[in-house]
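The values are calculated or read from the model by the stated rules, or taken from the named source; none is laboratory data. Here the structure is a predicted model, which means the values were calculated and not measured. Reconstructed Cβ throughout: ideal geometry from the backbone, glycine too, with neighbour counts over all protein chains shown. Keep in mind that these areas ignore ligands, DNA and RNA; they rest on the heavy atoms of the full protein, side chains included. Shrake-Rupley method; radii C 1.70, N 1.55, O 1.52, S 1.80 Å.
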Amino acid sequence: MKSGAEVYRLMEKLRGILNLKTGWDGYQALPINHHVVDNLYAALEACEDEDMLGWQIYPEINGTLSLQNDDLKPGLHLGTEAFSYFVIHDDKVSGADYVLFSVPVFLTPLRNLNG
């Protein structure tokens with residue numbers, strides 16, 4: 001596991017998200033799927049701090065996770081087996097949907113979205 005401040009910050013956030021129970025949103029949101037958390041942990045363990053600068057993790061009501069970067073307007077959505085990603089540039093949205101998850105495959109667009 002990397003010991004950099006950014007990776008550590010996101011690992012701590014992920015630990016908190018893992019404890020969310022059914023209805024965490026005050027309605028009927030699902031708890032975050034453990035496979036989704038495992039996928040993101042594996043990716044974070046392979047990251048360098050600079051890979052994760054400016055990224056935030058958000059739980060989704062369907063039991064998945066979103067990662068958003070405030071500076072560049074990209075985002076990634078991570079599920080149990082696949083992920084999608086997008087970036088908004090010059091008011092145009094580009095990206096990919098349903099990309100099978102593996103750590104190297106996930107890190108490629110993450111690093112490209114960072115510029």
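When LEU78 is tested against (1) without any contact (Cβ under 8 Å) to a residue 40 or more places away in the chain; (2) under 14 Å from LEU107 (Cβ atoms); (3) touching a Leu at 6+ places or on another chain (Cβ under 6 Å), just one condition goes unmet, and that condition is (1).
Pairs are defined by a Cβ separation below 6 Å, a sequence spacing of at least 6 or placement on different chains, a first member in the stretch 41-67 that is under 22 Å from LEU20 (Cα atoms), and a second member that is in a helix (DSSP H, G or I) and open to solvent by 30 Å² or more (accessible area, probe 1.4 Å); the pairs so defined are ALA42/VAL103; ALA43/VAL103; ILE57/LYS13.
Per-residue answers, yes or no, for (1) under 19 Å from PHE101 (Cβ atoms); (2) of a type in the set (A, V, I, L, M, F, W, C); (3) not in a helix (DSSP H, G or I):
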{"site": "VAL7", "(1), (2), (3)": "yes, yes, no"}
{"site": "ARG15", "(1), (2), (3)": "no, no, no"}
{"site": "ASP25", "(1), (2), (3)": "no, no, yes"}
{"site": "ASP38", "(1), (2), (3)": "yes, no, no"}
{"site": "ILE57", "(1), (2), (3)": "yes, yes, yes"}
{"site": "ASN62", "(1), (2), (3)": "yes, no, yes"}
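Examine the stretch 83-92 for a residue that is at pLDDT 95 or above and open to solvent by less than 70 Å² (accessible area, probe 1.4 Å), and state whether such a residue exists. For the stretch 83-92, residues at pLDDT 95 or above and open to solvent by less than 70 Å² (accessible area, probe 1.4 Å): present. Number of residues in the stretch 18-76 that are of a type in the set (D, E, K, R) and within 20 Å of HIS89 (Cα to Cα) equals 4.
Just wondering, is there one or more residues in the stretch 106-113 that are open to solvent by 50 Å² or more (accessible area, probe 1.4 Å) and more than 19 Å from TRP55 (Cα to Cα)? Within the stretch 106-113 (the criterion being open to solvent by 50 Å² or more (accessible area, probe 1.4 Å) and more than 19 Å from TRP55 (Cα to Cα)), the answer is no, since none of the residues qualifies. Scan the stretch 98-114 for residues that are touching an Asp or Glu at 6+ places or on another chain (Cβ under 9 Å) and under 24 Å from ASP71 (Cβ atoms) and jot them down. Answer for the stretch 98-114, where residues must be touching an Asp or Glu at 6+ places or on another chain (Cβ under 9 Å) and under 24 Å from ASP71 (Cβ atoms): VAL103, LEU107, LEU110, ARG111, ASN114.
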